[in-house]
Amino acid sequence: MCNLYSQTKSQDAMRHVFDDMVEEDEDLIDTSGNLPPMAGIFPDYPAPIIRHGPQGDWQLTKARWGMPTPEVFLVGKRTAPGVTNIRNVGSKHWKRWLGVAHRCLVPFTSFSEIDSRPGAPRNHPVWFALGPDRPLVFFAGIRTEWTSVRKLKEGEVTAELFGFLTCAPNREVASVHPKAMPVILTKPEEWRCWLTAPTAEALRLQRPLADGMLQIVAEGGREDAV
């Protein structure tokens with residue numbers, strides 16, 4: 001399960017990588033404030049997403065990583081820290097957020113999985129990217145606004161939340177972490193499909209990235225600052 005990723009490109013790069021997807025009469029509105037490069041994004045951190053805006057435009061904004069926790073896991077608990085990765089989209093809990101209004105793109109430059117290879121050190125992160133230059137691409141995400149207690153010291157809050165879909169791993173990820181990998185979208189037509197297509201069509205994108213497209217770019221660190 002991917003519980004750590006990075007986004008180290010500039011805010012301007014995030015705005016302009018989206019240019020290839022939008023049509024002439026569409027705009028990307030940036031409401032995110034100052035977005036510094038983030039070499040290590042952990043669960044519940046605020047991070048950038050691209051989503052439908054309230055006026056029918058596109059919006060670059062921030063949300064906290066971790067969708068609402070299913071109620072079955074909250075019995076006897078005082079907090080609901082959220083779910084970062086979603087695979088079972090057939091679950092009633094997740095179906096409510098699969099429509100166009102709740103889909104988003106999550107920009108990233110690399111992501112890590114804990115190394116399960118024989119002899120690997122305990123909790124050893126292995127970082128994957130599309131190449132050593134860490135090009136900016138997207139996870140297929142979902143988002144919502146939700147009221148809950150995520151941390152006791154914070155109390156009840158209403159926050160914009162996001163998570164992203166996972167799937168079976170491709171060859172590169174399976175060699176390190178055989179259970180799953182994030183759903184990665186690399187092409188403008190995939191980005192637009194995820195944000196605008198009917199649910200059944202959009203969910204066809206929940207598949208492993210083609211073998212050979214990912215590389216191991218770092219190991220061991222809790223950040224990937226390149």
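Brief remarks on what is shown
- Matching option when the condition is exposed (fewer than 14 other Cβ atoms within 10 Å of the Cβ), charged (D, E, K, R), modelled with pLDDT of 95 or more and out of contact with any Phe, Trp or Tyr (no Cβ under 6 Å at 6 or more places or on another chain), among Glu145, Glu160, Glu190, Glu156: Glu145
To keep it simple, each residue is scored yes or no on (1) in a loop (DSSP other than H, G, I, E, B); (2) among the charged types (D, E, K, R); (3) surrounded by fewer than 15 Cβ atoms within 10 Å (Cβ to Cβ).
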{"site": "Asp12", "(1), (2), (3)": "no, yes, yes"}
{"site": "His16", "(1), (2), (3)": "no, no, yes"}
{"site": "Gly40", "(1), (2), (3)": "no, no, no"}
{"site": "Pro43", "(1), (2), (3)": "yes, no, no"}
{"site": "Ala47", "(1), (2), (3)": "no, no, no"}
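- Which listed residue, of Pro135, Pro107, Pro118, is without any contact (Cβ under 8 Å) to a residue 40 or more places away in the chain, surrounded by 13 or more Cβ atoms within 10 Å (Cβ to Cβ) and either assigned to a strand (DSSP E or B) or of a type outside the set (Phe, Trp, Tyr) (or both): Pro135
- Put simply, of Arg87, Arg96 the only residue that is closer than 20 Å to Ala168 by Cα and of a type in the set (D, E, K, R) is Arg87.
- Selection status of Val173, of a type in the set (Val, Ile, Thr), on the phi < 0 side of the Ramachandran plot and touching a Ser or Thr at 6+ places or on another chain (Cβ under 9 Å): no
- Complete set of residues in region 18-32 that are exposed (fewer than 15 other Cβ atoms within 10 Å of the Cβ) and either in contact with a strand residue (DSSP E or B) (Cβ under 6 Å, 6 or more places away or on another chain) or at pLDDT 90 or above (or both): Ile29, Thr31
- Test set (1) farther than 27 Å from Glu71 by Cα; (2) at pLDDT 95 or above; (3) out of contact with any helix residue (DSSP H, G or I) (no Cβ under 8 Å at 6 or more places or on another chain); (4) in a helix (DSSP H, G or I) - Leu203 fails condition number: (1)
The values are calculated or read from the model by the stated rules, or taken from the named source; none is laboratory data. Just so it is clear, the model here is predicted, and its values are computed rather than measured. With ideal geometry, Cβ positions are generated from the backbone for all residues, glycine too; neighbour counts draw on all protein chains shown.
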